[in-house]
1. Taking Phe282 and the conditions (1) in a helix (DSSP H, G or I); (2) of a type outside the set (A, V, I, L, M); (3) modelled with pLDDT of 80 or more, which numbered condition does it fall short on, given that it satisfies the others?
2. So which residues in the stretch 36-80 are assigned to a loop (DSSP other than H, G, I, E, B), more than 26 Å from the chain's Cα centre (by Cα) and closer than 15 Å to Leu246 by Cβ, if there are any at all?
3. Go through the stretch 183-200 and give me each residue that's surrounded by 11 or more Cβ atoms within 10 Å (Cβ to Cβ) and under 14 Å from Leu107 (Cβ atoms).
4. Are any of the residues in the stretch 104-111 touching a residue at least 12 places away in the same chain (Cβ under 8 Å), open to solvent by less than 50 Å² (accessible area, probe 1.4 Å) and more than 22 Å from Phe212 (Cα to Cα)?
5. What single numbered condition from (1) within 19 Å of Asp256 (Cα to Cα); (2) without any contact (Cβ under 8 Å) to a residue 24 or more places away in the chain fails to hold for Ser55?
6. Filter the stretch 123-151 for residues that are of a type outside the set (Gly, Ala, Ser), over 19 Å from Ser223 (Cβ atoms) and outside any helix (DSSP H, G or I) and give the result.
7. On the given criteria, is Phe220 crowded, with 17+ Cβ neighbours inside 10 Å, more than 22 Å from the chain's Cα centre (by Cα) and either touching a residue at least 60 places away in the same chain (Cβ under 8 Å) or in a loop (DSSP other than H, G, I, E, B) (or both)?
Amino acid sequence: MSTDKNQLTYWEKFQTKYLIKSKIGKIFVYIVLSIWAISTIFPLVWVLLNSFKQSRDIITNTFSFPADPTLQNYINAFSTINIGKSYVNSLIISGSVVLLVLFFGGLASFVMARMSFRLRGVMQTALIASLLIPAFATIVPVYRMMIDLGFVNTYLGLIIPQTAGNLPFAILVISGYMATIPRELEEASVIDGCNRWTMFLKVFLPVSLPIFGTVATFVFLWSYNDLFSSLIFVEHESVRPIVVLLSQVSSQYGTDYGLMTAAITMTVIPVVIFYLFAQKTFEKGATAGSVKG
């Protein structure tokens, strides 16, 4: 016990003494967390409440509850700017990116974590280095490539770059999780007659589901919110995702605050729903490996 206490870092000792065991420290922590929660939740509540008001009421009584709630802003969102089509486009693009990243990233992670081969270290270094390259640094050659392939303003024009961009993150995270799976499990599956493919499907994939859920959540959010790539690769109305539509609403309908708040609310809803369904899996995968013993 004393040995473990001596191994605590200075920050861990500070937390234990002044934040966990001290009453004043606990009050301070609750105040900070409450301020953070209010600052995060308040803008979302403000947008939601104002989406049920007329535009003139948003300007005159912006912080009050809707006196005469109306769904007209949502009706206008579907009739004026065709937000339903953009919804479908976003779900097709982000859903495809998630599935492709999990499939290829899962297979590559299994190879990286459980097999020994030449240049494995070089490949791992290249994956880490690729995370340091900003998206705008490669946008011109990727755009040129999409033009040559005829994929600009098609679903594939955004699915392929986003899949490629998210694969390094997925491989590094999933392979790190798979590397912690006991080797005895792998040896037992070999004795039972599993080849590499069935070993991945029947042993490593079920055990690694929490980390797959965590990666899926991050990839979906990054793909769904990727305005920069979307503006370049899929600006056409027939394939534009909802983030592109939202940016165009502010320029074409800049004074219609009711329409803007309704569009923002409908943009956030899929993200919240996705997180609610994946919450338990996300938390389990995000904290995997954080506790030893």
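1. Against the list (1) in a helix (DSSP H, G or I); (2) of a type outside the set (A, V, I, L, M); (3) modelled with pLDDT of 80 or more, Phe282 comes up short only on (3).
2. We begin by selecting, within the stretch 36-80, every residue assigned to a loop (DSSP other than H, G, I, E, B); these are 51-54, 61-71, 80.
Narrowing further to those that are more than 26 Å from the chain's Cα centre (by Cα): 52-54, 61-71, 80.
Answer for the stretch 36-80, where residues must be assigned to a loop (DSSP other than H, G, I, E, B), more than 26 Å from the chain's Cα centre (by Cα) and closer than 15 Å to Leu246 by Cβ: just Thr80.
3. Across the stretch 183-200, the qualifying residues are Arg196, Thr198, Met199, Phe200.
4. Within the stretch 104-111 (the criterion being touching a residue at least 12 places away in the same chain (Cβ under 8 Å), open to solvent by less than 50 Å² (accessible area, probe 1.4 Å) and more than 22 Å from Phe212 (Cα to Cα)), the answer is no, since none of the residues qualifies.
5. (2)
6. Within the stretch 123-151, just Leu132 meets the criteria.
7. Against the criterion (crowded, with 17+ Cβ neighbours inside 10 Å, more than 22 Å from the chain's Cα centre (by Cα) and either touching a residue at least 60 places away in the same chain (Cβ under 8 Å) or in a loop (DSSP other than H, G, I, E, B) (or both)), Phe220 does not qualify.
The values are calculated or read from the model by the stated rules, or taken from the named source; none is laboratory data. What you see is a predicted model; the values in this text were computed from it and never measured. Cβ coordinates were reconstructed from backbone atoms using ideal geometry, including for glycine residues, and neighbour counts include every protein chain displayed. Side chains included, ligands, DNA and RNA excluded: accessible areas come from the protein's heavy atoms. Shrake-Rupley method; radii C 1.70, N 1.55, O 1.52, S 1.80 Å.
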